[in-house]
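Throughout, read-outs are computed from the coordinates displayed, never taken from laboratory work. All figures in this text were calculated on a predicted structure; none of them were measured in a lab. Every residue, glycine among them, receives a Cβ derived from its backbone with ideal geometry; neighbour counts consider all protein chains shown.
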Amino acid sequence: DSGVTQTPKHLITATGQRVTLRCSPRSGDLSVYWYQQSLDQGLQFLIQYYNGEERAKGNILERFSAQQFPDLHSELNLSSLELGDSALYFCASSGPRGEQYFGPGTRLTVT
Amino acid sequence: AQSVTQLDSQVPVFEEAPVELRCNYSSSVSVYLFWYVQYPNQGLQLLLKYLSGSTLVKGINGFEAEFNKSQTSFHLRKPSVHISDTAEYFCAVAQGAAGNKLTFGGGTRVLVKP
């Protein structure tokens, strides 16, 4: 158990819908990262927040957005969903030396 | 831009045999290197990390890796594998600072046979 929690574990929704994925970092970690894992593109970095502020952005689609709240939990919002958005979405938080610890992931299936 | 190449997509190996998973990276600045393991239907677990210091790094479950700057490699080894080591292994690089975003290799699927 990494100490990073993610909800829900599974999500099934239809094309065109909007979903919210939630992540709670390990106690004391200020940075939260979001990654997408898909069969065709592998593991890709989406976005990083540090203490509520956006720190870095990767290949995140405009239909996707994220935020980090004052209690340091983070949410990833995915809208106008397409079949190709089906993937595993991981959240990670970083330890004192920068190493990242991953949550169990949310498996999103878009039908 | 940095990139990470895992040279083998699949590695079959017999139980109690040694295994080596190869990882090469490209980067023009300082790098911080990691190996993660993903068991079926689970998240990513940190196996080991190279941040600084000794180039030979020991991790959990008997794994170790060696950072070779001249060859830009960070190969993972285990002298004797168990059935429970069947999983997918990912090499990852953070560029510039250890807390920066990770760039992952494509993964190596290890299948341990009895």
Handout entry: Loop GluC sites (Glu not before Pro), segment A:18-111, which have at most 16 other Cβ atoms in a 10 Å radius of their Cβ (DSSP)
Key = A:62, A:82
Handout entry: For segment A:8-111: relative contact order, % (alpha-carbon pairs under 8 angstrom, 6 or more apart)
Key = 36 percent
Exercise for the section: With a Förster radius of 22 Å, plug the Cβ-Cβ distance of residue B:54 and residue B:26 into 1/(1 + (r/R0)^6) and report the FRET value to the nearest 0.05. Expected result: 0.45
Handout entry: Assigned charges on the beta-carbon of Lys, Arg, Asp, Glu; chain A dipole about Cα centre (debye)
Key = 120 debye
Problem - Relative contact order of chain B, defined on C-alpha pairs under 8 angstrom at six or more residues apart (%) - result: 37 percent
Practice task
Please report, in cubic angstrom per residue, the volume enclosed by the convex hull of the alpha-carbon atoms of chain B.
Solution key: 96 Å³
Practice task
Please get the size of the charge dipole for the protein assembly as shown, origin at its Cα centre, with Cβ charges of +1 on Lys and Arg and -1 on Asp and Glu, quoted in debye to the nearest 20.
Solution key: 140 debye
Handout entry: Square roots of 5 times each gyration tensor eigenvalue, C-alpha, the protein assembly as shown, largest first, Å
Key = 29, 20, 16
Practice task
Towards the positive end of the charge dipole of the protein assembly as shown, with charges on Cβ (+1 Lys, Arg; -1 Asp, Glu), say which of A:84, A:27, A:50 has the farthest Cα.
Solution key: A:50
Practice task
Go through B:84, B:56, B:36 and say which Cα lies farthest out towards the positive end of the charge dipole of segment B:1-92; charges sit on Cβ, +1 for Lys and Arg, -1 for Asp and Glu.
Solution key: B:56
Fill in the blank from the handout: Residues other than residue A:36 with Cβ under 14 Å of its Cβ, Lys/Arg counted +1 and Asp/Glu -1, net out at +1
Practice task
Provide Rg over Rh for segment B:58-106; use the alpha carbon set for both Rg and the Kirkwood Rh (inverse mean inverse pair distance).
Solution key: 1.00
Exercise for the section: Name the lysines eligible as straight-distance cross-link partners of residue B:69: C-alpha to C-alpha under 24 Å, and not fewer than 8 places from it in the same chain. Expected result: B:49, B:58, B:78, B:101
Completion exercise
Rounded to two decimals, the Rg over Rh value of segment A:4-111 from Cα coordinates and the Kirkwood Rh reads 0.95
Completion exercise
Two pseudo-spin positions, 7 Å from Cα along C-beta at residue A:56 and at residue A:75, lie apart in nanometres by 2.6 nm
Practice task
Within the set of other residues whose C-beta is less than 12 Å from the C-beta of residue A:11, count the net charge using Lys and Arg as +1 and Asp and Glu as -1.
Solution key: +3
